[in-house]
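S.K.: Dropping the structure in here first, questions after.
The values are calculated or read from the model by the stated rules, or taken from the named source; none is laboratory data. This structure is a prediction, so every number in the text was calculated from the model and none was measured. All Cβ positions, even for glycine, are placed from backbone atoms using ideal geometry, and neighbour counts span all protein chains on display.
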């Protein structure tokens, strides 16, 4: 539960693409608080370069990328609002993006998680490191 009214930051309507960069700003504004940013893989691609800024400034942000190899939120909305299940240009799999490799190339520590039981330990370790870290959590692709 979110007990601290200043501890959860999100857009009220459709905030795809803002979380990586927003996390940098939030961490700069509140440097003594741990920060975990949970982001979809499609959303991450909008401002992925902000990972470099987090590394450059050595900000203790833990980024959790839920990787379903596509823009699932857009697919869900397309289906729900328009009944359309033709998802042109909404898959990120040919070639697949290696978010861990990308994060490492930008200066972050990164770990890929494929088993749900591994999430808690990896998250705890990432937060305790007080370094910019990315956890790539592989999730199912189905809409």
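S.K.: How many residues does region 102-143 hold that are more than 22 Å from residue 91 (Cβ to Cβ), free of Cβ contacts under 8 Å to residues at least 24 places away in the same chain and exposed (fewer than 14 other Cβ atoms within 10 Å of the Cβ)?
M.R.: Going through region 102-143 one residue at a time, the tally reaches 9.
S.K.: Condition test on residue 88, is it modelled with pLDDT of 95 or more and either surrounded by 12 or more Cβ atoms within 10 Å (Cβ to Cβ) or not in a helix (DSSP H, G or I) (or both)?
M.R.: Taking the combined requirement at face value, the residue does not satisfy it.
S.K.: Scan region 91-101 for residues that are under 17 Å from residue 40 (Cβ atoms) and exposed (fewer than 12 other Cβ atoms within 10 Å of the Cβ) and report the count.
M.R.: At the first step, the residues of region 91-101 found to be under 17 Å from residue 40 (Cβ atoms) are 91-93, 96-100.
Within this subset, residues satisfying the condition of being exposed (fewer than 12 other Cβ atoms within 10 Å of the Cβ) are 93, 96.
Final tally of qualifying residues: 2.
S.K.: Among all residue pairs at least 6 apart or on different chains, which show Cβ distances below 7 Å where the first residue, located in region 31-59, is touching a residue at least 12 places away in the same chain (Cβ under 8 Å) and at positive phi and the second is in a loop (DSSP other than H, G, I, E, B) and buried (at least 20 other Cβ atoms within 10 Å of the Cβ)?
M.R.: Between residues of region 31-59 that are touching a residue at least 12 places away in the same chain (Cβ under 8 Å) and at positive phi and residues that are in a loop (DSSP other than H, G, I, E, B) and buried (at least 20 other Cβ atoms within 10 Å of the Cβ), the close pairs are 58/132.
S.K.: Consider region 15-55. How many of its residues are at pLDDT 95 or above, touching a helix residue (DSSP H, G or I) at 6+ places or on another chain (Cβ under 8 Å) and part of a helix (DSSP H, G or I)?
M.R.: Summing the residues that are at pLDDT 95 or above, touching a helix residue (DSSP H, G or I) at 6+ places or on another chain (Cβ under 8 Å) and part of a helix (DSSP H, G or I) in region 15-55 gives 9.
S.K.: Same structure, new question: Would you check which residues across region 25-50 are surrounded by 15 or more Cβ atoms within 10 Å (Cβ to Cβ) and out of contact with any strand residue (DSSP E or B) (no Cβ under 7 Å at 6 or more places or on another chain) and list them?
M.R.: 43, 45, 46, 47, 48, 50, listed by residue number.
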